[in-house]
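Let me begin by presenting the structure, written as structure tokens, before commenting on it.
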Amino acid sequence: MTLAFTVAPEPDEAAREAGRLLFAGPVDFVKGVVAMSGLPEGDRVEICFAGRSNVGKSSLINALTGRKNLARASNTPGRTQEINFFALGPERYLVDLPGYGYAEAPVAVVAKWQALLKQYLQGRATLRRAFVLIDTRHGIKAVDEEILTMLDRAAVTFQVVMTKADKVNRATREANIAQVQGALKKHPAAYPEIVVTSSEKGEGLETLRAIIAGLV
């Protein structure tokens, strides 16, 4: 059976309020880790954000939490190679993974954090869902396919979040959403709803907050 991938609808009032309350509460940086041995204790639900470098991951995390500089840590020297953990209330970790596909980084550096990324995605039992960010201007690229295939093999449910939706015209937006929908049909671990967002305009943020609040 082939799933039909649709754009996630706006949440109902109860789900919207649950999402608002979750992200209005405390969101605190816990630690950045460079090896699996440094991961915090797996005592709560984890949701992670993964995406190509420059996909707008930090902007999205900051917009979701309403905190301008929360994810800046992952953009400073020394932290770009880390998995950054944030406590999202008392029951969840929001996990910011290092961007992949950054061609300008040294080969050895890229290999090291790609290996860490894969180890985390394949071996973290408390990971409830991976949100894979795709730039609405470009759609799914080959480097994204590598991550999606790895998530399939690890049986980790992932959901695509399209970023920067305000940066394209309607025709390009619809064409690239259709491209993503088509590409996801071959990925068994893909959740069948796509969230379309704009960090600048606020589009899709309430929907994404509500989805995360519902992951328990």
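For the reader, a short list of remarks on this structure follows.
- Cβ-Cβ contacts under 8 Å between residues 6 or more apart (or on different chains), taken from a first residue in the range 9-31 that is of a type in the set (Lys, Arg) to a second residue that is open to solvent by 80 Å² or more (accessible area, probe 1.4 Å), are listed as 16/10; 16/206; 20/206.
- When 94, 121, 133 are checked against the criterion of being touching a helix residue (DSSP H, G or I) at 6+ places or on another chain (Cβ under 9 Å), assigned to a helix (DSSP H, G or I) and within 27 Å of residue 19 (Cβ to Cβ), 121 stands alone in meeting it.
- Among the residues of the range 117-140, at least one is exposed (fewer than 15 other Cβ atoms within 10 Å of the Cβ) and in contact with a Leu (Cβ under 9 Å, 6 or more places away or on another chain).
- Scanning the range 148-202 for residues that are part of a strand (DSSP E or B) and either aliphatic (A, V, I, L, M) or over 16 Å from the mean Cα position of the chain (by Cα) (or both) returns 160, 161, 162, 190, 194, 195, 196.
- Every residue from the range 1-39 that is of a type in the set (D, E, K, R), exposed (fewer than 14 other Cβ atoms within 10 Å of the Cβ), outside any loop (DSSP other than H, G, I, E, B) and within 20 Å of the chain's Cα centre (by Cα): 28, 31
- Which numbered condition residue 115 misses (of (1) closer than 30 Å to residue 200 by Cα; (2) over 16 Å from the mean Cα position of the chain (by Cα)): (1)
The values are calculated or read from the model by the stated rules, or taken from the named source; none is laboratory data. Everything quoted here is computed from the prediction, not taken from an experiment. Glycine gets a Cβ as well: all are built from the backbone with ideal geometry, and neighbour counts include every protein chain shown. Ligands, DNA and RNA are stripped out before the accessible areas are found, and what is left, the full protein with its side chains, is counted by its heavy atoms. Shrake-Rupley method; radii C 1.70, N 1.55, O 1.52, S 1.80 Å.
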